[in-house]
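> I'd like to ask you about the structure that follows.
The values are calculated or read from the model by the stated rules, or taken from the named source; none is laboratory data. Just so you know, these numbers come straight off a predicted model, no measurement behind them. Don't worry about glycine lacking a Cβ; one is built from the backbone with ideal geometry, like all the others, and counts go over all protein chains shown.
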Amino acid sequence: MTDKLRVLWSSNAPFAFSGYSTQTAELLPRFKDYIDVACLCFYGLEGGEIEWNGIHLYPKMSQLYGTDACYYHQLDWRADCVVSFQDVWPMDIPFLQKIKRWI
């Protein structure tokens, strides 16, 4: 077991073609030396979990912007916090309030 902070990063898939994707692709490999990070890819990954450059990637679930997936995948990842690196205005904020530490 590690003492590193466990973070679920919610954004576009790092291999997709968007501004959030390119920033996620740059940031997550740099983070993984300091924190245990997984990424919820609400855009650019469909159907199943995969590994990308040693980083666990989760797909979205039923809600378009990944609100439900933020909650359920953070439980699976045992995340200490969830970081939404995306536009949050279309997300279901009351549902996200179920997350203990949401950034």
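> Just one of (1) modelled with pLDDT of 95 or more; (2) buried (at least 17 other Cβ atoms within 10 Å of the Cβ) trips up residue 102, so point out which.
Evaluating residue 102 over (1) modelled with pLDDT of 95 or more; (2) buried (at least 17 other Cβ atoms within 10 Å of the Cβ) leaves (1) as the failure.
> Scan 39, 70 and give me the residue that is in contact with a strand residue (DSSP E or B) (Cβ under 9 Å, 6 or more places away or on another chain), within 23 Å of residue 5 (Cβ to Cβ), assigned to a helix (DSSP H, G or I) and of a type outside the set (Lys, Arg).
Going through 39, 70 in turn, just one is in contact with a strand residue (DSSP E or B) (Cβ under 9 Å, 6 or more places away or on another chain), within 23 Å of residue 5 (Cβ to Cβ), assigned to a helix (DSSP H, G or I) and of a type outside the set (Lys, Arg): 70.
> Hey, among the residues in the range 10-46 that are without any contact (Cβ under 8 Å) to a residue 24 or more places away in the chain and among the polar types (S, T, N, Q), which one's surrounded by the most Cβ atoms within 10 Å (Cβ to Cβ)?
Result: 21.
> With the condition kept exactly as written, say whether any residue in the range 80-91 is without any contact (Cβ under 8 Å) to a residue 60 or more places away in the chain, surrounded by 14 or more Cβ atoms within 10 Å (Cβ to Cβ) and either assigned to a strand (DSSP E or B) or in contact with a helix residue (DSSP H, G or I) (Cβ under 7 Å, 6 or more places away or on another chain) (or both).
Yes: the range 80-91 contains one or more residues that are without any contact (Cβ under 8 Å) to a residue 60 or more places away in the chain, surrounded by 14 or more Cβ atoms within 10 Å (Cβ to Cβ) and either assigned to a strand (DSSP E or B) or in contact with a helix residue (DSSP H, G or I) (Cβ under 7 Å, 6 or more places away or on another chain) (or both).
> Follow-up. Could you tell me which of the residues 5, 28, 45, 40 is of a type outside the set (Phe, Trp, Tyr) and more than 12 Å from the chain's Cα centre (by Cα)?
Sole residue among the options that is of a type outside the set (Phe, Trp, Tyr) and more than 12 Å from the chain's Cα centre (by Cα): 5.
> Right, next: When residue 31 is evaluated against the numbered criteria (1) farther than 21 Å from residue 99 by Cα; (2) at pLDDT 95 or above; (3) in contact with a Gly (Cβ under 9 Å, 6 or more places away or on another chain), which criterion, by number, is the only one it fails?
With respect to (1) farther than 21 Å from residue 99 by Cα; (2) at pLDDT 95 or above; (3) in contact with a Gly (Cβ under 9 Å, 6 or more places away or on another chain), residue 31 is out only on (3).
> Also: For the condition crowded, with 19+ Cβ neighbours inside 10 Å, within 16 Å of residue 99 (Cβ to Cβ) and at pLDDT 95 or above, what is the one hit in 58, 65?
58
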